[in-house]
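These notes concern the structure reproduced below.
Bear in mind that the values in this text are calculations on the coordinates, not laboratory data. Everything quoted here is computed from the prediction, not taken from an experiment. Methodologically, a virtual Cβ is constructed for each residue, glycine included, from the backbone with ideal geometry; neighbour enumeration extends over all protein chains shown.
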Amino acid sequence: MADPSRVLVIASTARELAPSGGWATLCCGVGPVEAAAATAAALAAARPAAVVHVGIAGSRRGSGLEPPSLIIGVAARYDDLADGFSLAPRSMHADATLVAAARQALPQAVLREIGTSAAVGGTRGADVEAMEGFGVLRAAALAGVPAVEVRAIANAIDEPDRSQWRFEAAFEAIVAATPALVREVAACVR
């Protein structure tokens, strides 16, 4: 039997976290810096077998990703660095085993690279934009802990009218997806 207590589920806010089914949870705060710092501290305090980062995100118009589509991040790209800046990593790949587990748990989910930026609309080219993924995946990689990012689409990135954003549907989708996701991840980690 897989042990869910070996999985740490991280989200920026409590609204994105499902009630724990035996797994550890962390609200990491909003933005890449808060996410990286909180994740690093949590990983230093207790070493889980895997990190599952969940939350809501925006999508580019024309991407075919409408609320509340689920996205499994194959990589997180940090778009707050200037083009051509080569002194820090710009992309972190999700753990391939955890991506496969996420696909098993969420067969309707779409695989995509997820852009990370501290600013809404700050990503360049990615179909999916969020604010914490790169920070979480980078901290996990530095700690040697496999990680994956899974998001539910809430809005079009360039939609200025926040009343058009479907927060509730996205929160419900990511919370509903988490138990199956954790079960599959727990089953594949040692």
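List of remarks:
- Springs between Cα atoms under 10 Å define the GNM used for the chain, and in it the highest mean-square fluctuation of 69, 12, 163 occurs at 163.
- Net length gained if the chain between residue 5 and residue 74 were fully extended (0.36 nm per residue, minus Cα distance): 22.4 nm
- Rg/Rh (Cα only; Kirkwood hydrodynamic radius) as it applies to segment 28-183: 0.95
- Choice from 97, 123, 25 showing the highest fluctuation, given a GNM over the chain with Cα pairs closer than 10 Å: 97
- For segment 1-95, chymotrypsin sites (Phe, Trp or Tyr not before Pro) meeting the loop criterion (DSSP other than H, G, I, E, B) and having at most 10 other Cβ atoms within 10 Å: 85.
- When the Gaussian network model of the chain links Cα atoms closer than 10 Å, the mean-square fluctuations of 43, 106, 81 top out at 81.
- Ascending count of other beta-carbon atoms within 10 Å, so fewest first, for 80, 3: 3, 80
- Calculated [θ] (222 nm, deg cm²/dmol) that DSSP helices of n ≥ 4 give over the chain, each run adding -39,500 (n - 2.57): -9500 deg cm²/dmol
- Which of 51, 182 has the fewest Cβ neighbours within 10 Å, and the rest in rising order: 182, 51
- Computed E for residue 120/residue 187 - FRET, C-beta separation, R0 35 angstrom, nearest 0.05: 0.45
- Residue exposure sequence - 174, 157, 10 - by fewest surrounding Cβ within 10 Å: 157, 174, 10
- For residue 25, residues with placed amide H under 5 Å, excluding near neighbours: 9
- Percent of beta bridges antiparallel (DSSP, the chain, rounded to nearest 5): 25 percent
- Stretchable slack from residue 47 to residue 90, in nm (0.36 nm times residue separation minus alpha-carbon distance): 13.0 nm
- Of all beta bridges that DSSP places with both ends in segment 1-104, some 25 percent have antiparallel geometry.
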